[in-house]
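Here the structure comes first, spelled out in structure tokens, and everything after it is commentary.
The values are calculated or read from the model by the stated rules, or taken from the named source; none is laboratory data. Just so we're clear, the structure is a prediction, and the values are computed from it rather than from any experiment. Counting neighbours? That spans all protein chains shown, and the Cβs are built from the backbone with ideal geometry, glycine included. Just the protein is used for accessible areas: all its heavy atoms, side chains included, with ligands, DNA and RNA removed. Shrake-Rupley method; radii C 1.70, N 1.55, O 1.52, S 1.80 Å.
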Amino acid sequence: MTTTFDTIEAAAIARCGGREALEARLTRAEPPESLAMIGDDRYLSVMSRRIFRAGLTHRLVDARWPAFEIAFDDFDLAAVASLDDTDLRRLATDERLIRHRQKIFAVRDNARAMQAIIAEYGSFGFWLAEWPEDEIVDLWLELRRRFTQLGGQSAPSFLRMCGKDTFMLTSWVVRGLAEWGAHNGKTTRVADLQAIQQRFNGWAAESSRDYCQISQILAFSID
């Protein structure tokens, strides 16, 4: 039987040294109206930065990101989408950037994928803001389907960077799920992800907390 969230939160409070200490460590999701107001260029920038962070030290990527902003015209979607293969091969050899050809090409491919969403919904931010959190796993899967290099934890990590409310399946969260009897075994199959989504939906209804906070509290609740 799954443990109540009150029990999990009490364990996290004890391990963090009190409720105030726990609350200070928790992420706050952005409200939908804020997400809808963010420019499409900023979403492409954040998505690209997440892709380059995968497998690298975040500080290294972040230190070079101003050069990426210059190289990709501040991530203006029309400008990036119009880059041809010759342009991208040149950027893939630019020492100011991170010379990873597949990820460089992904920036253009993702600009075009984002344009398709904008054509249908008006803006990428509106599309993201309207997606219900109790179906957030479906958003992960849709991002993986539509965009390049957003497999694994990259889709939920991108959402967390944007401020979209989502839980994360870090190793600590997965251990917390097992510790409290919520899920044991794999977390990669769609059926597993949907089962975990239902656990989080129940905890969200019980606690009225953001999904991002629930996953953090799970991580903080175990040794």
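Just a few scattered comments:
- Helix 101-121 axis, angle to the chain major axis (alpha carbon atoms, nearest 10°): 80
- Relative packing of 34-46, 104-116, which averages over residues the other C-beta atoms within 10 Å, highest first: 104-116, 34-46
- P(r), alpha carbons of the chain - 5 Å bins starting at zero, rounded %: 1, 7, 14, 17, 17, 15, 12, 9, 6, 3, 1, 0
- Of the accessible area of the chain, computed with a 1.4 Å probe over protein heavy atoms only, carbon and sulfur atoms account for 49 percent.
- Neighbourhood net charge (14 Å Cβ-Cβ; Lys/Arg +1, Asp/Glu -1) for residue 172: +1
- Per residue solvent-accessible surface (Å²) - segment 122-195, probe of 1.4 Å: 43
- Summing +1 for each Lys or Arg and -1 for each Asp or Glu among the other residues whose beta-carbon sits under 12 angstrom from that of residue 74 gives -4.
- Rounded to 10°, Cα long-axis angle of helix 211-220 versus longest principal axis of the chain: 60
- Between segment 56-102 and segment 170-186, the C-alpha centres lie 37 angstrom from each other.
- Separation in nanometres of the label points that stand 7 Å from Cα toward Cβ, at residue 7 and residue 179: 1.4
- Where 142, 33 fall by accessible area, highest first, once all protein chains stay in place (1.4 Å): 33, 142
- Across the chain, the mean sequence separation of Cα contacts (distance under 8 Å, 6 or more residues apart), normalised by length, yields a relative contact order of 32 percent.
- Under 9 Å, Cβ to Cβ, from residue 133 - net charge with Lys/Arg +1 and Asp/Glu -1: -3
- Accessible area per residue, Å², segment 14-119 with all protein chains present, probe 1.4 Å: 53
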